[in-house]
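To start, the structure under review is shown below, and the notes come after it.
The values are calculated or read from the model by the stated rules, or taken from the named source; none is laboratory data. None of these values were measured; they are calculated from a predicted model. All Cβ positions, even for glycine, are placed from backbone atoms using ideal geometry, and neighbour counts span all protein chains on display.
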Amino acid sequence: MFPSAFEYYAPKTLDEVYGLLAQYGDEAKILAGGQSLLPMMKLRLAAPSVLIDIGSLGQLSSATETAEGLSMGALMRHKTIETSHWPHYPLLRETAPWIADPLVRNRGTIGGSLAHADPAADWGAALLALGASVQIESRDRIRHMALEEFFVDLYTTALEPQEVLTRIVIPVPATAATFARYLKLERKVGDFAVVGVAITVSLAIDGTVAQAGIGMAAMSGVPFAAHQTESLLVGRQLTPALIKEVSESASQEGDPESDRRGSAEYKRSMARVFVERGLSQILQQWESTQSA
Amino acid sequence: MESRKEDARRMVSVTINGEMRQGLAEPRTLLAYFIRETLGLTGTHVGCDTTSCGACTVLFDGEPVKSCTVLAVQADQHQIDTVEGLETDNVLHPLQQAFWDNHGLQCGFCTPGMLMTSVALLQKNPHPTESEIRHGISGNLCRCTGYVNIVKAITDASHKMQKEPAEV
């Protein structure tokens with residue numbers, strides 16, 4: 001299976017990328033790791049006439065951690081994130097091993113995944129839970145945007161034809177006691193999520209929830225942030241009773257569609273189970289750090 | 001592509017199994033086909049051609065990837081290793097020998113991909129647990145063996161390679 005014919009460019013600088021984007025506009029697609037775009041092109045679901053391979057832009061493949069947060073280059077591969085150690089952001093390492101399979105993770109990038117904007121993608125859910133924003137650059141300007149605004153619709157982002165997603169920025173969590181879980185239901189290894197739930201919780205010294213993030217995969221037409229459930233958690237003591245209450249709330253959020261992976265009702269039910277399970281594990285983990 | 005006025009093919013140079021090779025490829029040519037048809041190394045198999053089965057796994061700068069989901073032009077100036085590079089002087093790589101000894105293949109179609117994934121796995125993690133092996137090969141499908149003997153073979157090779165460290 002071959003993609004339709006296209007012209008291929010492998011620019012070495014962002015300036016060259018902007019030049020090519022100015023020339024070709026929306027006829028061009030940006031190629032990062034290619035693990036979503038190339039399969040779509042082979043199936044002829046996508047047929048761009050120009051591919052701009054940004055794989056040589058080395059400055060986009062590393063991360064910088066500061067007191068304010070973590071700034072990740074868009075070309076960081078899933079595998080690199082899986083094997084990196086950022087203790088303030090445990091959700092990243094929780095999520096990465098669930099993406100596709102090890103071979104795809106060696107090649108696919110975090111920025112490529114976000115720009116593809118699949119509602120079932122694992123990074124979408126996790127980075128919404130983390131309150132991430134994206135840095136978008138073009139020849140004329142650099143803009144920052146909350147990830148939630150970046151996801152416009154199914155496979156559709158706020159990127160303009162002249163723009164490139166360059167970095168993903170995660171704010172530092174409210175407290176050092178930050179715990180995370182990513183729970184995913186998949187039919188087989190490497191499949192898209194039937195439902196995915198990303199949870200990050202930062203606790204105060206007395207066990208009160210200082211900050212909570214819950215992101216969901218395949219629970220809406222875009223990656224979805226369960227704000228109502230997050231707000232039920234904040235300021236309250238994490239207890240089994242509270243966990244029960246918020247998991248019920250979580251199952252009512254989002255707008256899942258019935259498809260061949262499961263009915264909407266089943267997906268809601270699994271979202272409830274995952275929120276309950278994830279928060280219970282986090283509570284247990286916190287309790288064990290207290291008794292230690 | 002007769003209708004296209006200019007020849008869209010370009011020269012792609014790779015270091016494959018330690019040897020510098022080049023060939024012409026259209027931008028849309030996938031690395032798996034470039035390796036098989038242009039460079040004539042047919043040990044790399046194309047199975048599903050949809051990024052699922054891993055039969056086409058090769059090492060790209062040392063990392064196992066699905067070569068049906070990489071463009072040949074992306075591999076220009078990079079290092080590729082395929083199953084043909086595993087044996088040295090007619091002696092099988094310890095992993096190949098272990099697959100043989102443990103009946104780690106039946107039809108053999110997935111084997112080149114399984115081997116390349118396993119080579120990289122043992123380089124990163126010379127003493128994997130069964131669970132680590134199973135997760136490590138989760139991108140490679142086998143429809144014959146049920147995986148039991150593949151896992152056994154990789155475990156066996158990991159023991160033997162500790163005794164006599166091998167190349168690649």
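Check off (1) among the polar types (S, T, N, Q); (2) surrounded by 22 or more Cβ atoms within 10 Å (Cβ to Cβ); (3) within 12 Å of another protein chain (Cβ to nearest Cβ); (4) closer than 14 Å to B:Ala32 by Cβ for B:Ser118 and give me the number that stays unchecked.
Looking at each condition in turn, B:Ser118 falls short on (4).
Just need a number here: residues in segment A:245-292 that are out of contact with any strand residue (DSSP E or B) (no Cβ under 7 Å at 6 or more places or on another chain), closer than 19 Å to A:Leu128 by Cα and among the hydrophobic types (A, V, I, L, M, F, W, C).
Total meeting the criteria: 1.
So, in segment A:164-216, exactly how many residues are in contact with a helix residue (DSSP H, G or I) (Cβ under 8 Å, 6 or more places away or on another chain), away from chain B (no Cβ under 14 Å) and assigned to a loop (DSSP other than H, G, I, E, B)?
Number of matching residues: 3.
I'm told A:Gly235 meets every condition in (1) over 21 Å from A:Thr178 (Cα atoms); (2) over 24 Å from the mean Cα position of the chain (by Cα); (3) of a type in the set (Gly, Ala, Ser) except one. Can you identify the failing condition by its number?
(1)
Here are some residues: B:Cys107, B:Cys53, B:Cys68. Which one is closer than 21 Å to A:Gly108 by Cβ, of a type outside the set (S, T, N, Q), modelled with pLDDT of 95 or more and in a loop (DSSP other than H, G, I, E, B)?
Numbers: B:Cys107 fails: closer than 21 Å to A:Gly108 by Cβ; B:Cys68 fails: in a loop (DSSP other than H, G, I, E, B).
Checking each option against the conditions leaves just B:Cys53.
Enumerate the pairs (first residue in segment A:273-284 and more than 10 Å from A:Val197 (Cα to Cα); second residue anywhere and hydroxyl-bearing (Ser, Thr, Tyr)) with beta-carbon separation below 7 Å, excluding pairs fewer than 6 apart on the same chain, so at least 6 apart or on different chains.
Partner pairs satisfying both residue conditions: A:Glu276/A:Ser247.
With respect to B:Glu37, is the statement that it is acidic (Asp, Glu) and under 24 Å from B:Arg9 (Cα atoms) true? Walk me through it before giving the result.
On the way: acidic (Asp, Glu): yes; under 24 Å from B:Arg9 (Cα atoms): yes.
Judged against the criteria, B:Glu37 is a match.
Scan segment B:126-134 and tell me whether some residue there is part of a helix (DSSP H, G or I) and either in contact with a strand residue (DSSP E or B) (Cβ under 8 Å, 6 or more places away or on another chain) or at positive phi (or both). Break it down into steps so the answer makes sense when it comes.
The initial filter retains those residues of segment B:126-134 that are part of a helix (DSSP H, G or I), namely B:130-134.
Filter again for either in contact with a strand residue (DSSP E or B) (Cβ under 8 Å, 6 or more places away or on another chain) or at positive phi (or both), leaving none.
Checked segment B:126-134: no residue is part of a helix (DSSP H, G or I) and either in contact with a strand residue (DSSP E or B) (Cβ under 8 Å, 6 or more places away or on another chain) or at positive phi (or both).
Being of a type in the set (Ser, Thr, Tyr), buried (at least 19 other Cβ atoms within 10 Å of the Cβ) and within 14 Å of another protein chain (Cβ to nearest Cβ) narrows it down to one of A:Ser49, A:Ser4, A:Ser56, A:Ser36, so name that one.
Numbers: A:Ser49 fails: buried (at least 19 other Cβ atoms within 10 Å of the Cβ); A:Ser4 fails: buried (at least 19 other Cβ atoms within 10 Å of the Cβ); A:Ser56 fails: buried (at least 19 other Cβ atoms within 10 Å of the Cβ).
Residue meeting the stated conditions: A:Ser36.
Report, by residue number, each residue of segment B:68-98 that is within 10 Å of another protein chain (Cβ to nearest Cβ) and either without any contact (Cβ under 8 Å) to a residue 12 or more places away in the chain or under 14 Å from the mean Cα position of the chain (by Cα) (or both).
The answer is B:Cys68, B:Thr69, B:Val70.
With the condition being among the hydroxyl-bearing types (Ser, Thr, Tyr), I'd like the strands (runs of 3 or more DSSP E) fully within segment A:104-154 carrying at least 1 qualifying residues.
Details: elements: A:133-137, A:142-146, A:151-153.
Output list reads A:133-137.
Can you find a residue in segment A:11-19 that is surrounded by fewer than 16 Cβ atoms within 10 Å (Cβ to Cβ), among the small types (Gly, Ala, Ser) and either without any contact (Cβ under 8 Å) to a residue 12 or more places away in the chain or more than 30 Å from A:Leu203 (Cα to Cα) (or both)?
As a first pass, look at segment A:11-19 and keep what is surrounded by fewer than 16 Cβ atoms within 10 Å (Cβ to Cβ): A:12-13, A:15, A:19.
Among the residues that remain, those that are also among the small types (Gly, Ala, Ser) are: A:19.
Adding the requirement that they be either without any contact (Cβ under 8 Å) to a residue 12 or more places away in the chain or more than 30 Å from A:Leu203 (Cα to Cα) (or both) leaves A:19.
Checking segment A:11-19: at least one residue is surrounded by fewer than 16 Cβ atoms within 10 Å (Cβ to Cβ), among the small types (Gly, Ala, Ser) and either without any contact (Cβ under 8 Å) to a residue 12 or more places away in the chain or more than 30 Å from A:Leu203 (Cα to Cα) (or both).
Which members of segment A:68-117 meet the condition of being small (Gly, Ala, Ser) and surrounded by 21 or more Cβ atoms within 10 Å (Cβ to Cβ)? Don't jump to the end; show me each part of the working.
Initially, segment A:68-117 is screened for residues small (Gly, Ala, Ser), giving A:69, A:71, A:73-74, A:84, A:96, A:100, A:108, A:111-113, A:115, A:117.
Result: A:Gly73, A:Ala74, A:Ala96, A:Ala100, A:Gly108, A:Gly111, A:Gly112, A:Ser113, A:Ala115, A:Ala117.
Taking segment A:195-228 as the region of interest, how many residues are under 12 Å from A:Asp122 (Cα atoms), touching a Lys or Arg at 6+ places or on another chain (Cβ under 7 Å) and not hydrophobic (A, V, I, L, M, F, W, C)?
Number of matching residues: 1.
Going residue by residue through segment A:79-94, is there one that turns out to be facing another protein chain (nearest Cβ under 8 Å), touching a helix residue (DSSP H, G or I) at 6+ places or on another chain (Cβ under 8 Å) and either more than 21 Å from A:Glu137 (Cβ to Cβ) or among the aromatic types (Phe, Trp, Tyr) (or both)? Let's see the steps before the verdict.
Residues of segment A:79-94 that are facing another protein chain (nearest Cβ under 8 Å), as a first pass: A:79.
Pick out the ones that are also touching a helix residue (DSSP H, G or I) at 6+ places or on another chain (Cβ under 8 Å) and you get A:79.
Cutting the leftovers down to either more than 21 Å from A:Glu137 (Cβ to Cβ) or among the aromatic types (Phe, Trp, Tyr) (or both) gives us A:79.
Yes, there is a match, as at least one residue in segment A:79-94 is facing another protein chain (nearest Cβ under 8 Å), touching a helix residue (DSSP H, G or I) at 6+ places or on another chain (Cβ under 8 Å) and either more than 21 Å from A:Glu137 (Cβ to Cβ) or among the aromatic types (Phe, Trp, Tyr) (or both).
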